[in-house]
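Notes follow the structure.
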Amino acid sequence: MKPKLVILSLLCFAIVAFRSVDVDLFKVPKNFPKPVYDFSKNPLSEDKIQLGRALFYDPILSRNNMISCASCHSQFSAFTHVDHALSHGIEDKIGFRNSPALMNLAWQASFMRDGSINHLDMQALAPISNPDEMDENITHVVFKLQASKLYPKLFYKAFGDSVITGEHTLKAISQFLLLLVSSNSKYDSVMRKQSVFTSQENNGYILFKKNCSSCHTEPLFTNDDFRNNGMPVDTTLNDFGRYRVTRNPSDSLKFKVPTLRNIEFSYPYMHDGRFKKLSQVMNHYTNGIEKNKSLAPELQQPIVLSSNEKVDIIAFLLTLTDHSFLFNPDYFYPKELFSETAKD
Amino acid sequence: MKSNKTFFLLLFIAVYGGAFSQTNSVQFSVSTTFGATHLDLVDSAFTTSDSKHLKITEVKFYISKIQLLRNGKIVLEEKNSFHLVDAGQTNPLIIVVNNTQNISFDQLKFNLGIDSATNVSGAMGGDLDPTKGMYWTWQSGYINFKLEGTSPLCTTRNNEFQFHLGGYQKPNYCLQTLSFPIINSSKIDLKLDVQKILEQVDLPRTNHIMSPSAEAVLISKVVANAFTISKN
């Protein structure tokens with residue numbers, strides 16, 4: 001009886017210990033809701049995350065081995081393409097939209113400005129195949145990875161199988177992306193009562209809650225839904241957003257509500273990057289709304305803000321900057337993996 | 001004499017053993033034809049009933065959720081039932097469903113395509129791996145059925161036609177559930193006749209479908225009606 005008990009308790013301890021390792025890899029921040037991503041279908045492990053990180057930074061995903069995910073998603077700009085209204089990809093081809101900032105993706109149900117991608121795992125297929133971005137295809141990517149010196153080893157470590165598949169490639173990329181959690185801004189520390197807003201930031205926060213938070217919902221600063229925010233259509237692009245996916249006229253000009261976290265560094269703004277500065281964004285919401293059938297219900301009544309109030313809101317938005325995210329070494333280019341010795 | 005006995009004994013074992021193993025499973029053989037001819041993609045010049053020559057270059061489709069029923073109730077079901085059929089393969093696809101208890105049935109059901117729930121479940125392996133070329137990249141979703149070729153009826157570049165049928169959301173949900181009466185057979189042949197499909201499609205007008213649409217749903221129904229089954 002007793003030895004059985006010992007074994008049983010040891011077993012329990014082992015299970016608990018094993019689980020706690022998994023839990024440590026992804027922590028839901030205290031003020032955040034439950035993630036949307038189903039981790040049970042893609043259990044995290046350190047080796048898979050590191051493999052995903054290598055794939056994220058490796059231009060092997062593109063046709064000419066020159067463009068990586070990081071080309072349009074650099075860490076210092078909250079994983080977007082800073083300074084370009086429309087992101088450019090392979091051979092300097094100009095894309096159709098402004099690349100979105102990447103963070104808190106575990107809480108996102110759909111991806112892309114128009115929600116055309118239904119699962120984080122499938123997201124990477126779009127830029128890999130887009131002729132203006134990487135112009136490759138996943139079948140050939142897997143072929144190239146299999147033929148490399150580095151990847152069969154990394155896949156074996158991660159999945160216990162050196163035969164590379166599309167499934168494992170995409171799941172590894174997801175694992176790295178899931179770890180891009182931004183939850184340590186000044187705003188978060190204020191919410192956790194570890195810090196306080198200045199009076200200007202606080203005034204901005206009050207105005208934000210009154211005018212902006214119905215779509216840019218706390219704590220993720222997006223409701224993960226689609227809205228027409230009253231921007232006149234750019235006739236050089238004729239991008240009708242969500243309509244492209246659903247073909248439903250009521251979805252015309254609707255785009256995914258983006259998170260405002262790290263907005264200080266993720267300029268330019270909007271799906272086509274038409275605004276370079278936050279002050280322009282403020283002016284759009286007070287003076288630039290174009291009324292049409294699909295305009296967001298939240299914007300039917302005009303937003304009235306004095307120029308001082310706009311400055312206060314911007315001061316609040318700057319509290320959403322998360323330096324521990326923008327400079328987190330866990331997200332850096334994995335130079336140790338890509339050094340010549342590691343490849344041999 | 002002795003060798004003769006052994007021969008009969010071996011024959012007995014072979015026949016009996018064969019029959020025994022047959023009754024312990026249901027074996028499906030899935031193939032693609034053009035009319036009565038086996039569809040050969042390498043050398044595929046066919047003549048339709050209106051004497052127009054055409055070529056088929058690709059036929060690929062998913063069969064999923066294979067079920068056997070008796071009196072309308074499911075009695076046998078294949079687990080993880082997703083199969084990619086590729087007419088480019090020389091041999092027909094063989095699917096074996098275990099029937100260890102010799103359960104009798106009177107109906108076969110299966111889906112042409114991939115169901116909605118699977119479409120939103122992230123990356124998957126095996127026949128569902130996106131490297132199989134049956135997943136859209138610009139907009140999430142599996143391609144249930146692919147048919148490509150050339151016909152003089154198409155005024156397109158190189159007279160090409162391309163049907164990529166898929167769509168997992170209403171109103172353009174393309175999945176088709178097929179049902180056939182079939183009584184207790186251990187070998188079932190499932191055939192898709194591409195000629196039947198092309199005779200139902202107005203090729204001069206409809207020759208390119210590459211995204212979920214009402215037309216994709218319509219042609220998915222045409223494809224579903226081009227299947228036949230027979231006991232083997």
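The values are calculated or read from the model by the stated rules, or taken from the named source; none is laboratory data. Given the structure is predicted, the values throughout are model-derived calculations rather than measurements. Cβ atoms come from the backbone with ideal geometry, glycine included; neighbour counts cover every protein chain shown. SASA here: full protein model, heavy atoms, side chains in, ligands and nucleic acids out. Shrake-Rupley method; radii C 1.70, N 1.55, O 1.52, S 1.80 Å.
In the P(r) worked out for region A:69-224, what percent of Cα pairs fall beyond 20 Å? Display every interim value, and only then the final one.
Working: 7417 of 12090 pairs.
Pairs farther apart than 20 Å: 61 percent.
So, with +1 on the Cβ of K and R and -1 on the Cβ of D and E, and no other charges, what is the size of the charge dipole of region B:109-182 about its Cα centre, to the nearest 20 debye? The partial results should precede the final answer.
Details: 5 positive and 5 negative charges, 29 e Å.
Magnitude of the dipole: close to 140 debye.
Nearest 100 Å² is fine: how much accessible area is buried between B and A, summed over both sides, with a 1.4 Å probe?
Rounded to the nearest hundred, the buried surface is 1500 Å².
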Original post:
Got a sec? Charge dipole of the protein assembly as shown, +1 on Cβ for Lys and Arg, -1 for Asp and Glu; which of A:N211, A:P43, A:A85 is way out at the positive end?
Top reply: A:P43
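Around A:I263, with a cut-off of 12 angstrom between Cβ atoms, what is the net charge of the other residues, counting Lys and Arg +1 and Asp and Glu -1? The partial results should precede the final answer.
Values: positive: A:R261, A:K277; negative: A:E264, A:D322.
Net of charged neighbours comes to 0.
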Original post:
If amide H atoms are built 1.01 Å from N in the plane of the peptide, which residues on other chains or at least 5 residues away come under 5 Å of the amide H of B:F161?
Top reply: B:G149, B:T150, B:S151
**OP:** Per DSSP H run of n ≥ 4, the term is -39500 (n - 2.57); total these for chain A, divide by its residue number, and report the mean residue ellipticity at 222 nm rounded to 500 deg cm²/dmol.
**Re:** -10500 deg cm²/dmol
Subject >> Residue-by-residue Karplus 3J(HN,Hα) for region A:88-97, coefficients 6.51, -1.76, 1.60, Hz, glycine and proline x >> reply: 10, x, 4, 6, 6, 5, 8, x, 9, 9
Original post:
Across region A:321-329, in residue order, what do the Karplus-derived ³J(HN,Hα) couplings come to in whole Hz, using 6.51 cos²θ - 1.76 cosθ + 1.60 with θ = phi - 60° and x for Gly and Pro?
Top reply: 6, 10, 5, 5, 7, 5, 10, 5, x
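What do you get for Rg/Rh over region B:57-206 if you use C-alpha atoms and the Kirkwood form of Rh? Before the final figure, lay out the partial values.
Details: Rg = 17.1 Å, Rh = 17.1 Å.
Checking Rg against Rh, the ratio lands at 1.00.
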**OP:** Mind putting together the pair-distance distribution for region A:104-151? All Cα pairs, 5 Å bins, whole percent per bin, short to long.
**Re:** 5, 18, 22, 21, 16, 12, 6, 1
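Just the ratio, please: alpha-carbon radius of gyration of region A:221-344 over 2.2 N^0.38 Å, N its number of residues.
Compared with the compact-globule rule of thumb, region A:221-344 sits at 1.37.
Magnitude of the Cβ-charge dipole of chain A, K/R +1 and D/E -1, about the Cα centre, nearest 20 debye?
On the way: 38 positive and 36 negative charges, 178 e Å.
Dipole size: approximately 860 debye.
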Original post:
Per-residue HN-Hα couplings for region A:230-245, Karplus 6.51 cos²θ - 1.76 cosθ + 1.60 at θ = phi - 60°, whole Hz, x for Gly and Pro?
Top reply: x, 8, x, 5, 7, 6, 7, 10, 6, 8, 9, x, 4, 4, 4, 8
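Using helices alone, what [θ] at 222 nm do you get for chain B, with -39,500 (n - 2.57) per DSSP H run of 4 or more residues, divided over all residues and rounded to the nearest 500?
Values: 4 runs with 44 residues, N = 232.
Per the formula, -5500 deg cm²/dmol.
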Original post:
Helix B:2-23 versus the longest principal axis of chain B: what angle, 0 to 90°, nearest 10, using Cα atoms?
Top reply: 50 degrees
**OP:** Determine the shielding of peptide B:140-150 by partner chains: average, over its residues, the number of Cβ atoms on other chains within 10 angstrom of each Cβ.
**Re:** 2
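Rg over Rh of region B:134-210, using C-alpha atoms and the Kirkwood radius, what does it come to?
Values: Rg = 15.7 Å, Rh = 14.9 Å.
Computed over Cα atoms, the ratio is 1.06.
If you average 1/r over all unlike Cα pairs in region A:137-282 and invert the result, what Kirkwood radius do you get in angstrom?
Values: mean 1/r = 0.0522 Å⁻¹.
It is 19.2 Å.
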**OP:** Can you give me the three principal axis dimensions of region A:284-338 from its C-alpha atoms, in Å, biggest first?
**Re:** 54, 30, 15
Original post:
Per residue, what volume in Å³ does the convex hull of the Cα atoms of the protein assembly as shown enclose?
Top reply: 253 Å³
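For every other residue with a beta carbon closer than 13 angstrom to the beta carbon of B:Q27, add +1 if it is Lys or Arg and -1 if Asp or Glu, then tell me the sum.
Charge balance near B:Q27 sits at 0.
From the P(r) of chain A, can you give the percent of Cα pairs sitting at distances over 35 Å?
Tail of P(r) above 35 Å: 28 percent of Cα pairs.
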Subject >> Solvent-accessible area of B:V96 with every protein chain in place, 1.4 Å probe, in Å² to the nearest 10 >> reply: 80 Å²
**OP:** Go through A:208-221, A:164-177 and give me the packing order, highest mean Cβ count within 10 Å leading.
**Re:** A:164-177, A:208-221
**OP:** Give me a single rounded figure for A:253-262: the average over its residues of other chain Cβ atoms within 10 Å of their Cβ.
**Re:** 0
Original post:
Given a cut-off of 19 Å, what percent of all Cα-Cα pairs of region B:61-120 lie beyond it?
Top reply: 38 percent
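I'd like the mean, over residues of A:123-130, of how many other protein chain beta carbons sit within 10 Å of each residue's own Cβ. Could the numbers behind the result be given before it?
Values: counts 2, 3, 7, 5, 1, 2, 5, 2.
Partner Cβ neighbours, averaged per residue: 3.
Rolling a 1.4 Å sphere over the protein heavy atoms, what is the accessible area per residue of chain A, to the nearest Å²? Present the calculation step by step, with values, prior to reporting the outcome.
Working: 16800 Å² over 344 residues.
Per residue, chain A has an accessible area of 49 Å².
Given a 1.4 angstrom probe, I'd like the percentage of the accessible area of the protein assembly as shown that is carbon and sulfur, rounded to a whole number. Display every interim value, and only then the final one.
Values: 16260 of 28620 Å².
Exposed carbon and sulfur together represent 57 percent of the surface.
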